[in-house]
1. At a Förster radius of 30 Å, what calculated FRET efficiency corresponds to the Cβ-Cβ distance of Leu66 and Met182, to the nearest 0.05?
2. In what sequence, largest accessible area first, do Tyr132, Tyr49, Tyr116, Tyr111 appear using a 1.4 Å probe?
3. Asp43 accessible area, nearest 10 Å², 1.4 Å probe?
4. List the relative contact order of the stretch 31-114 as a percent without decimals, with contacts defined as Cα pairs under 8 Å and 6+ residues apart.
5. Give the share of C-alpha pairs in each 5 angstrom bin for the chain, from 0 to the last occupied bin, in whole percents, shortest bins first.
6. With charges only on Cβ, +1 for K and R and -1 for D and E, what is the dipole size of the stretch 161-294 about its Cα centre, in debye, rounded to 20?
7. For the stretch 44-131, go through all pairs of different Cα atoms, get the mean of 1/r, take its inverse, and jot down that Kirkwood value in Å.
8. With r as the distance between the Cβ atoms of Gln59 and Tyr111 and R0 = 35 Å, compute the FRET efficiency 1/(1 + (r/R0)^6) and round to 0.05.
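The values are calculated or read from the model by the stated rules, or taken from the named source; none is laboratory data. Remember, predicted model here, so these are calculated numbers, not experimental data. Cβ atoms come from the backbone with ideal geometry, glycine included; neighbour counts cover every protein chain shown. Side chains are part of the model used for accessible areas, which takes the heavy atoms of the whole protein and leaves out ligands, DNA and RNA. Shrake-Rupley method; radii C 1.70, N 1.55, O 1.52, S 1.80 Å.
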Amino acid sequence: MPATIVDGNAAAADIRNEVSAQIARFTIEHGPIRLCAVLVGNDPAARLYADSQRHRCLQAGVQHQLVELPPDISEAALLAEIDRLNHDPEVTGVMIQLPLPPHVDEAVVQYRIDPYKDVEGVNPANIGMLFYGVPIIAPCTALAANELIRRSGIEVRGAHAVVVGQSRIVGRPIAMFLTMQMATVTACHIATRDLAAHTRTADILVVAVGKPGLIGAGHVKPGAVVIDVGINRVTVRSPDGAETRRTVGDVDFDAVREVAGAITPVPGGVGPVTVAMLLRNTVEAARKQLHRRV
Ligand code: NAD
């Protein structure tokens, strides 16, 4: 029997409904919530992502401001702009649209965001606090993967989870969330020998790499929950020779669907839930700023 599809669009709609009500209440009691997205240069994908965030923010009752900066801005000037947003009491959340130009160090810029305004949960202060289980704001994509695992209905405690991809803001926080819920976690990465030998033992398999087709049916234990975080743009050729661009994950969806117990599609899986988590984090940031101690 083909796997159950864990529907990210439905999950995102539920989260947005719940968060919109919280935003409306907060706005009446304390004033508007505003998210500032910093876009350096004119990367079309970053702009597209910023536009879709703006749409979702306005829909949920969050003000959205796109701070556009020139591609040749110095790192020092960019940091000064973040300081300005950090100190502006009208600004609730600050996020940086990626990619940044090569002369700017992404980690340095992310370090600079006030942890209470870091709505994507990318400041090391927030990621580090994950180890203690108490981040001010947790990373959105890890929250999204976690939510979809929860919705799959699998019992995480005691399960064997394999997380492929160990980046600072995606793979490692996901592995940490699963560890905190008492899964037994195997962390795989580019240096893992015989990836399939590990992934085939997973009750929960999370893939966050950025390589289309990395995980095929032979990588998956029958009945496993498969969460595909990857987002890749690929060109596909139809039988008549026409080429089209498509978005796919890291998992060969059609093949793995025949083996897995539950699977997230791409698009329509982790992606929309990540944007919904950004809204949830923004209202969370607004609340926590009312009672901040540092
Ligand atoms: P990254 O490049 O920072 O990290 C990739 C990780 O994959 C590294 O840990 C690397 O060791 C590992 N890796 C590379 N090749 C491998 C291989 N052959 N076998 C096993 N591991 C391998 O990427 P990232 O920022 O973590 O993003 C990963 C993917 O998730 C990308 O496709 C990205 O677009 C996507 N992403 C999706 C969302 C979302 O909301 N759905 C959010 C962020 C990132």
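1. Details: r = 41 Å, r/R0 = 1.37.
E(calc), rounded to 0.05, equals 0.15.
2. Numbers: Tyr132 175, Tyr49 85, Tyr116 30, Tyr111 140 Å².
The ordering from most to least exposed comes out as Tyr132, Tyr111, Tyr49, Tyr116.
3. Near enough 50 Å² of accessible area.
4. So the answer I get is 43 percent.
5. Pair shares across the bins are 1, 5, 12, 15, 17, 16, 13, 10, 6, 3, 1, 0, 0.
6. Computed about the Cα centre, the dipole is about 760 debye.
7. Working: mean 1/r = 0.0719 Å⁻¹.
Across the stretch 44-131, the inverse of the average 1/r is 13.9 Å.
8. Working: r = 31 Å, r/R0 = 0.89.
Once rounded, the FRET efficiency stands at 0.65.
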